[in-house]
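Structure first, commentary second.
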Amino acid sequence: ARLVVLVSGSGTNLQALLDAIADDGAAAYGAEVVAVGADRGDIAGLERAERAGIPTFVCRVKDYASRAEWDAALAAETAAYAPDLVVSAGFMKILGKEFLARFGGRCVNTHPALLPSFPGAHGVRDALAYGVKATGCTVHFVDDGVDTGPIIAQGVVEVRDEDDESALHERIKEVERSLLVEVVGRLARHGYRIEGRKVRIP
Ligand code: GRF
């Protein structure tokens, strides 16, 4: 399968995918990263792609007259690489109508909380503030809501008394990276069906 990965930051989830593909070989893993897109320049995620010799593109919201035009441009840039799956790996923008019209049902996101609890940009902070004793990460398909799409897999992380947001997020990210690598590989190798809210992987 051909993957386009979207990033906004450090790109450690992207790196985990690149490492798994390098270790297993693209054929055995079932997928290769054909391009990496971002909504901003100057981020470690893009450097990771460049170091791996993978083409990159940047679509900045401020370069477009409207959010809808930005979304259409992002969809067009992504479509140019003809991906089978799009992986939103720490991409901090909501994907819009045009993007979902083209890639809905084959766009996977990773979120650092156990959805449907704590959606949105501050999933780790919100879980900690709520006082939960366990949180984790969720890999799900993207739909038109914020972190509301069909869930593929989740990983649990215990909250420690001494945790602050960054310590907890680091532990979540360790689980998240391996979950994402496992899920993307399974989707790519086995295919899948989305039946309502249920994701079936044969
Ligand atoms: C991940 O925890 C992702 O779920 C969240 O931001 C983090 C991205 O990390 N939204 P990285 O850029 O892959 O290192």
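Using θ = phi - 60° and the Karplus relation 6.51 cos²θ - 1.76 cosθ + 1.60, list the HN-Hα couplings for region 95-107 in order, rounded to whole Hz, with x at every Gly or Pro.
Result, ordered by residue: 7, x, 3, 5, 4, 6, 4, 8, 10, x, x, 9, 10 Hz.
Checking a compactness column here: for region 41-91, what do you get for Rg(Cα) / (2.2 N^0.38 Å), N being the number of residues? Each step should come with its number before you reach the end.
Details: Rg = 11.9 Å, N = 51, 2.2 N^0.38 = 9.8 Å.
Dividing the Cα Rg of region 41-91 by 2.2 N^0.38 Å gives 1.21.
Would you please calculate the Kirkwood hydrodynamic radius of region 1-118 over all C-alpha pairs and express it in Å, rounded to one decimal?
One decimal place: 14.5 Å for the Kirkwood radius.
Report, in listed order, any pair from LYS62/LYS93; LYS93/LYS133; LYS62/LYS173 with a Cα-Cα distance greater than 24 Å.
On the way: LYS62/LYS93 13 Å; LYS93/LYS133 28 Å; LYS62/LYS173 29 Å.
Violating the 24 Å Cα-Cα cut-off are LYS93/LYS133; LYS62/LYS173.
At q = 0.19, 0.23, 0.35 Å⁻¹, what is the log10 ratio I(q)/I(0) for region 90-132, with the Debye formula run over Cα points and no solvent?
The calculated log intensity ratios at q = 0.19, 0.23, 0.35 Å⁻¹ are -0.65, -0.82, -1.22.
Using a Gaussian network for the chain with springs between C-alpha atoms less than 10 Å apart, which of these wobbles most: ALA16, ALA80, ALA38?
The residue that fluctuates most here is ALA80.
What is the projected area of the convex hull of the Cα atoms of the chain, averaged over all directions, in nm²? If you can, show how the numbers build up before the last one.
On the way: hull surface 44.3 nm².
Its Cα hull, projected and averaged over all orientations, spans 11.1 nm².
If I model a spin label at ARG186 and ALA153 as a point 7 Å from the Cα along the Cα→Cβ vector, what separation in nanometres do I get?
If labels sit at ARG186 and ALA153, their model points lie 0.5 nm apart.
Suppose R0 equals 41 Å; then what is the FRET efficiency for ARG160 and ALA44 from their Cβ-Cβ distance, rounded to the nearest 0.05?
On the way: r = 27 Å, r/R0 = 0.66.
Taking R0 as 41 Å, the efficiency between ARG160 and ALA44 is 0.95.
So how far apart, in nm, are the two label points at ALA26 and TYR130 if each is 7 Å from Cα heading toward Cβ?
For the pair ALA26/TYR130, the computed spacing is 4.0 nm.
How big is the dipole moment of region 1-139 about its Cα centre under a simple scheme where the beta carbon of each Lys and Arg is +1, that of each Asp and Glu is -1, and everything else is neutral? Debye, nearest 20, please. It would help to have the intermediate numbers written out before the result.
Numbers: 13 positive and 15 negative charges, 89 e Å.
Dipole about the Cα centre, nearest 20: 420 debye.
Read the figures in this text as sums done on the coordinates, not as results from a lab. Model, not experiment: these values are computed from the prediction. Positions of Cβ are backbone-derived with ideal geometry, glycine not excepted, and every protein chain shown enters the neighbour counts.
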